[in-house]
Each structure stands twice: as structure tokens, then as C-alpha cells.
């Protein structure tokens, strides 16, 4: 485990905390691997009845660490995000998220797999995959349009439009939008309440509400396209522009 991801089990709740506030909790390959391991172990651990995802600092996560994407584009290690996405898509126990601020890319798409979501009113949620010459992941190309409509979802994907936490709650992406200081306590309270419910019944309900086979098929389809996009000249230009703090130029690609 990396210290950039904190985990603890208390009263039936496994709390997974992104702990890289100085980088707005940008998720590195090591962080993805730690969270993936925690989820896989929690699925079989009878002491865990609920998982709570949250973060340190004023951001939930600014998304994938782009240095890892750039390395993959140059032929290095493939992003570990894909394994995390598969683990969260398959996770069979209830999952709660407390989102105290910024949620970019996978920071937003992972919420589509959480059963209860509490978000700061002022949080900004975005999925700017096309801005990075990439494509949606985590079955978000299926789940996000189903939640908020095709046009709004396309604008989030292709234009990088963001929504606030308040809008997320109004659109059905979150259970409640709260002052930032109240988000994690509300998420912990909800997680604690779920531990008092019959776990078998909760898991059966979750399974019935989600078309697991369809979601995993879409996750695998997206992952293949995402991996292809990571190796393109467009992606190389996007990552270089980000590192150089300039606007990308895709006009000749």
C-alpha cells in the first residue's frame, strides 16, 4: 500500500481516502493499485459491509496523474486505472462517496458506480476526456447519458463542461449537495446506516438495480479504445501542451 491512499476498517466500513492533497489528489498508478487491492480484499472480507470513498483536502481528485498517461503514450507502463475501474464496476457490496470538492475525469465517473453520493455544493465535476484526446471510461459513455441526458453528457465529455455539486444533486448524480464541511460526516453517517441493514438483501438489491454484464462489457470496450487513444499523436500533443501550460494544437493531426 502507498501512504497516498489511506485505508481503515471501523465498525463494518472500509474507508478508502485519497491522500495526496498537495496534488489535488491526482491518482498515480501506485494509488490505483492500492485502491484496487483494497476493493478486492473488501469483497471477500466479512468484516467489511460497506466501502466509503473520500479524500483529504479540498479536492476529491483531479483525475489521473497525467505524467503516467504521458509515460504510457511514450511506451511505458500502461495506466493502472483500468484495473481500478474494473474492480469498482464489479464491486458487489454497497459503496458510498463523500466528495468535498473538485472531481475530474475518473473522479466523476467512479461516482456512477457508487450507491450513495454526497457532494459539496461548490464542487466542480467534469469529464474532459476529449480535451486530452482520450475517450470516456468506467462505462460512463453508457451511465452518464442515462443519468443526465445525451446532450449534457456529450458537452461534459467533448467540451469539458463542468457541473457544480448542487447541479449534480439536482440531476440525480448525488443524493445531496451540502456545505463542504458537512460532506464527509454525511457520507460516514450513510455508510454507518447501511452497516445496520441485512447485507445479503442490500447486495441483492444492488445486483438487481445494475445490469452487471452490460456494464462490464462497456467497461472493456471503453478500456480498449482508451488504450488505443493513449498511444496517438493527438494524445501526445495534449499531454505535452498540459505540461508546457499551453493550448494544444490538433489542427495538423
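The values are calculated or read from the model by the stated rules, or taken from the named source; none is laboratory data. Because the structure is a prediction, the values reported are computed rather than measured. Using ideal geometry, Cβ is built from the backbone for each residue, glycine included, and neighbour counts are taken over all protein chains shown.
Structure notes:
- Residue under evaluation residue 131, criteria (1) within 24 Å of residue 158 (Cα to Cα); (2) touching a residue at least 60 places away in the same chain (Cβ under 8 Å); (3) within 12 Å of the chain's Cα centre (by Cα), criterion not met: (3)
- Test: residue in region 4-11 that is surrounded by 20 or more Cβ atoms within 10 Å (Cβ to Cβ) and in contact (Cβ under 8 Å) with a residue 40 or more places away in the chain: no
- When every residue of region 114-127 is checked against the conditions, none turns out to be buried (at least 18 other Cβ atoms within 10 Å of the Cβ), touching a strand residue (DSSP E or B) at 6+ places or on another chain (Cβ under 9 Å) and either part of a helix (DSSP H, G or I) or at pLDDT below 95 (or both).
- Every pair of residues 6+ apart whose Cβ atoms lie under 8 Å, when the first sits in region 198-212 and is over 14 Å from residue 114 (Cα atoms) while the second is assigned to a loop (DSSP other than H, G, I, E, B): 199/49; 199/93
- The residues in region 170-194 that are within 16 Å of residue 121 (Cβ to Cβ), in contact with a helix residue (DSSP H, G or I) (Cβ under 7 Å, 6 or more places away or on another chain) and assigned to a helix (DSSP H, G or I) can be counted, and the count is 1.
- In summary, residue 72 fulfils each of the numbered conditions (1) closer than 19 Å to residue 88 by Cβ; (2) touching a helix residue (DSSP H, G or I) at 6+ places or on another chain (Cβ under 6 Å) with the single exception of condition (1).
- Residue 9 within 24 Å of residue 185 (Cβ to Cβ), outside any helix (DSSP H, G or I) and within 14 Å of the chain's Cα centre (by Cα): no
- Region 244-253: number of residues that are out of contact with any helix residue (DSSP H, G or I) (no Cβ under 7 Å at 6 or more places or on another chain) and either part of a helix (DSSP H, G or I) or closer than 17 Å to residue 66 by Cβ (or both): 3
- Residue within region 212-222 that is under 24 Å from residue 160 (Cβ atoms) and exposed (fewer than 15 other Cβ atoms within 10 Å of the Cβ) present: yes
- Subset of region 2-27 (residues that are touching a helix residue (DSSP H, G or I) at 6+ places or on another chain (Cβ under 9 Å), at pLDDT 95 or above and closer than 23 Å to residue 71 by Cα): 4, 5, 18, 19, 20, 25, 26, 27
- Selection from region 23-35 of residues that are under 18 Å from residue 138 (Cβ atoms) and surrounded by fewer than 20 Cβ atoms within 10 Å (Cβ to Cβ): 33
- Residues located in region 195-235, provided they are over 30 Å from residue 9 (Cα atoms) and out of contact with any helix residue (DSSP H, G or I) (no Cβ under 7 Å at 6 or more places or on another chain): 214, 217, 220, 221, 224, 225, 226, 227, 228, 232, 233, 234
- Candidate set: region 63-79, residues that are surrounded by 21 or more Cβ atoms within 10 Å (Cβ to Cβ) and not in a helix (DSSP H, G or I); chosen: the one modelled with the highest pLDDT: 63
- If you filter region 84-109 down to residues that are without any contact (Cβ under 8 Å) to a residue 60 or more places away in the chain and not in a helix (DSSP H, G or I), you find that the one that is surrounded by the most Cβ atoms within 10 Å (Cβ to Cβ) is 103.
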